[in-house]
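A short worksheet on the structure shown next.
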Amino acid sequence: MAPADAPTHPAAPTHPGDRAHGHPAADASPAPATPGKVAMWLFLATEIMFFTGLIGSYIVCRGGSPPTAYSNLYPPTTPLDRLGDSKGVVLGAPGADPARAAEAIAAATGKGEAAIARVLAAAPHGVVNGLTEEGATKLAEGLNRLGAKAEVVSLKTSSWPRPYDPATNPLSIDLTTVNTFILICSSATMVLAVSAIQRGRKAKCSLYLLATVVLGGVFLGVQVFEYHELLEGRIYPPGISPTGHFRPGVSLFASCFFTVTGFHGLHVAAGVVTLLLVFLASLTGRFSSRNFAAVEYAGLYWHFVDVVWILLFTIVYLV
């Protein structure tokens, strides 16, 4: 009789050919951590540390901002100790005769042509500040008689621009929400590209890579459009910028915004270029179900920039 602990079946063969023939024992072994994959994870670890520091700095700057740093009537960081009782007039529309509206504002405030032009251009959020309650009431009534739309507002302050507050925050959340959705869609097409090449479907892999490149390019294009609107394309009220344009030097919020979104935009641009090169390589038949490391590594990087953007969008735009 055989011993009780003796095996009743022969041990499964473990020679190198087992994996090729689909032997269960060979298939169950974990995939090796290749040098390329280890290098990619180390690179992403450094990127995680970089963006952690960047986002942390943004949070620290926001947390340390004084409660009167931003207001609906005056440029950021304006000393408001003696302005607490001041009133302002918000110009919703200059009316059919902007020249007469400009004359009324000049007569009430003594402001120069450039300042008045910024007020008119910033409508429906144009702000005339530095008025007494009586002066603001008279100016608003005079503008309304001329066919303009104007209302008297009191001074309101905050430590940081609030979302959807056109008096202090110029960021278009609606536009950026659509742009975020586009970037999320590009992450989905990247997953499909990796899945396709793993199954040996080269044409589908190339198609999904091209879709990812296009969606990433659209994201960058929308960001460039947003930057143009902020820097040059629109005129904003004084609570956003004393010059009418939202540029890095006008406030701490502006500096933080352009720093964090600018660095992310550079990473997206690098990812689009990388994916374009991978797409071109896929057209030559370079990748297969046994050789797809470059596609996988590009996908890891792309997913990383997508996740970082979701965090930035939440912290910078929505909170």
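Values quoted throughout were computed directly from the atomic coordinates according to the rules given, and no laboratory measurement underlies them. Just so you know, these numbers come straight off a predicted model, no measurement behind them. Counting neighbours? That spans all protein chains shown, and the Cβs are built from the backbone with ideal geometry, glycine included.
Here the gap between T46 and L318, fully extended at 0.36 nm per residue and compared with their Cα-Cα distance, gives a gain of 95.3 nm. In this Cβ point-charge picture (+1 for Lys and Arg, -1 for Asp and Glu), segment 85-154 has a dipole of about 140 debye about its Cα centre. The C-alpha atoms of the chain define a longest principal axis, and helix 202-228 lies at about 20 degrees to it.
Pairs of lysines 8 or more apart, or on different chains, with alpha carbons under 17 Å: count those in the chain, would you? It would help to have the intermediate numbers written out before the result.
Working: K87/K111; K87/K138; K87/K149; K87/K156; K111/K138; K138/K149.
Lysine pairs meeting both conditions in the chain amount to 6.
Please arrange R62, R286 by how many other C-beta atoms lie within 10 Å of their C-beta, fewest to most. Walk me through the numbers before you get to the answer.
On the way: R62 18, R286 14.
Ranking R62, R286 by Cβ neighbours within 10 Å, fewest first, gives R286, R62.
Fewest neighbouring Cβ atoms within 10 Å first, the residues S251, S187 line up as S187, S251. Around the Cα centre of the chain, unit charges on the Cβ atoms of Lys, Arg, Asp and Glu (plus for the first two, minus for the last two) sum to a dipole of about 560 debye. Relative to the longest principal axis of the Cα atoms of the chain, the long axis of helix 293-312 makes an angle of roughly 30 degrees.
Each of I48, H267, A115 was placed along the dipole of the chain (beta-carbon charges, centred on the mean Cα), and the one lying farthest toward the positive end is H267. Taking the average, over residues, of other Cβ atoms within 10 Å as the packing measure, peptides 85-95, 267-277 rank 85-95, 267-277 from highest down.
What does the charge count around L300 come to, taking other residues whose C-beta lies under 13 Å from its C-beta (Lys +1, Arg +1, Asp -1, Glu -1)? Present the calculation step by step, with values, prior to reporting the outcome.
Working: positive: K37; negative: E47, E296, D306.
Surrounding charge for L300 is -2.
Cβ-to-Cβ counts within 10 Å put C205, C61, C256 in ascending order as C61, C256, C205, the fewest first.
Taking the square roots of 5 times each eigenvalue of the Cα gyration tensor of segment 85-154, largest first, gives ellipsoid semi-axes of 16, 13, 11 Å.
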